[in-house]
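Peer 1: This is the structure, below, for whatever I ask next.
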Ligand SMILES: Cc1cc2nc3c(=O)[nH]c(=O)nc-3n(C[C@H](O)[C@H](O)[C@H](O)COP(=O)(O)O)c2cc1C
């Protein structure tokens, strides 16, 4: 698989099969992804992986909290952004409307929306979740580095036939992650990436998000 194929194949996988992900494969994917660039080669990332039974324990604890209405308490970007420039807001709302309609869900129906959100808190049934962390003192530049790393992980995973979902909701309860994965207090849990075999029969994986046309986004002079 070449890079362009991987870029085109990647999508946010929101339903996984229960097939386990081999630990060696995880390390191979991470080793390739760690070639990601970073500010002054600081490599600010620390990676904690919940695999197999560890992912299952966390899934149970996350789902229990979510179903009892325990508010998310993420380490970073609290509260989550609500105000967006108009064009971004329009794309955000369109995505939510289009995805709900595609799945036959009603956006004004609370229980429909609750069940959609609940999928985040069962990690979309992924057998493996990768958590990216960095020291709490770092700036948005290091978060930029973690973004590069995220995409590198997701593209490398494509090569091994694995689906991924980078999701901020997976970092909702860092205290549970610290307990299960031994994440030290000085590290902020920034994002979770669910990883595993794609459930090709799930309608959640049939939806594809659109992109702005390249000639609208890119201005080339000369
Ligand atoms: C930083 C970040 C946070 C995200 N958080 C979530 C999330 O919490 N739940 C979710 O279902 N998707 C989440 N997504 C996935 C985006 O909704 C998705 O990338 C976007 O709609 C484009 O679709 P695609 O990834 O399928 O191409 C997140 C993506 C990024 C980059």
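Peer 1: Fewest Cβ neighbours within 10 Å first, please rank 145, 199, 185, 5 accordingly.
Peer 2: Ascending number of Cβ neighbours within 10 Å: 185, 5, 199, 145.
Peer 1: Continuing with this model, one more query. Using the 10 angstrom Cβ neighbour count as an exposure proxy, how do 211, 10 rank, fewest first?
Peer 2: By the 10 Å Cβ count, ascending: 211, 10.
Peer 1: Could you work out, for the chain, what percent of all Cα-Cα pairs fall into each 5 Å distance bin, beginning at 0 Å and stopping at the bin that holds the largest distance?
Peer 2: For the chain, the pair-distance distribution reads 1, 6, 13, 17, 20, 19, 14, 7, 2, 1, 0, 0.
Peer 1: Any idea how far the Cα center of segment 74-149 sits from the one of segment 2-16, in Å?
Peer 2: Measuring centre to centre over Cα atoms gives 18 Å.
Peer 1: Per 5 Å bin, what percent of the C-alpha pairs of segment 95-154 does each bin hold, from zero upward?
Peer 2: For segment 95-154, the binned pair fractions read 4, 13, 17, 14, 14, 17, 14, 8, 1 percent.
Peer 1: Could you check which residue among 46, 180, 93 shows the biggest mean-square fluctuation in a GNM of the chain with a 10 Å Cα cutoff?
Peer 2: Of the options given, 93 has the highest mean-square fluctuation.
Peer 1: For 30, 113, what's the fewest-to-most ordering of other Cβ within 10 Å of each Cβ?
Peer 2: Going from sparsest to densest Cβ surroundings: 113, 30.
Peer 1: With n ≥ 4 as the cut-off for DSSP H runs, can you work out [θ] at 222 nm for the chain, using -39500 (n - 2.57) per run divided by the number of residues, rounded to the nearest 500?
Peer 2: Value at 222 nm, helices only, nearest 500: -13000 deg cm²/dmol.
Peer 1: Hey, another quick one. Would you please give the FRET efficiency between residue 105 and residue 168, computed as 1/(1 + (r/R0)^6) with r the Cβ-Cβ distance and R0 = 22 Å, to the nearest 0.05?
Peer 2: For residue 105 and residue 168, the calculated efficiency is 0.60.
Peer 1: Kindly identify segment 20-144 as rounded, prolate or oblate by the Cα gyration tensor criterion: order the square roots of the eigenvalues as a ≥ b ≥ c, call it rounded if a/c is under 1.5, otherwise compare a/b with b/c, prolate if a/b is larger, else oblate.
Peer 2: Oblate, because a/c is 1.5 or more while a/b does not exceed b/c.
Peer 1: Moving to a separate point now. Name the residue, out of 170, 27, 181, whose mean-square fluctuation peaks in a Gaussian network model built on the chain with Cα pairs under 10 Å.
Peer 2: Looking only at 170, 27, 181, the biggest GNM fluctuation is shown by 27.
Peer 1: Under 10 Å, Cα contacts only: if you run a Gaussian network model on the chain, which one of 74, 203, 127 comes out with the highest mean-square fluctuation?
Peer 2: Looking only at 74, 203, 127, the largest GNM fluctuation is found for 203.
Peer 1: Tell me whether segment 17-91 comes out rounded, prolate or oblate; compute the Cα gyration tensor, take square roots of the eigenvalues as a ≥ b ≥ c, and use a/c under 1.5 as the rounded threshold.
Peer 2: Cα axes put segment 17-91 in the oblate bin.
Read the figures in this text as sums done on the coordinates, not as results from a lab. Only a predicted model underlies this, so the values are computations on that prediction, with no experimental measurement involved. Cβ: placed from backbone, ideal geometry, glycine included. Neighbour counts: every protein chain shown.
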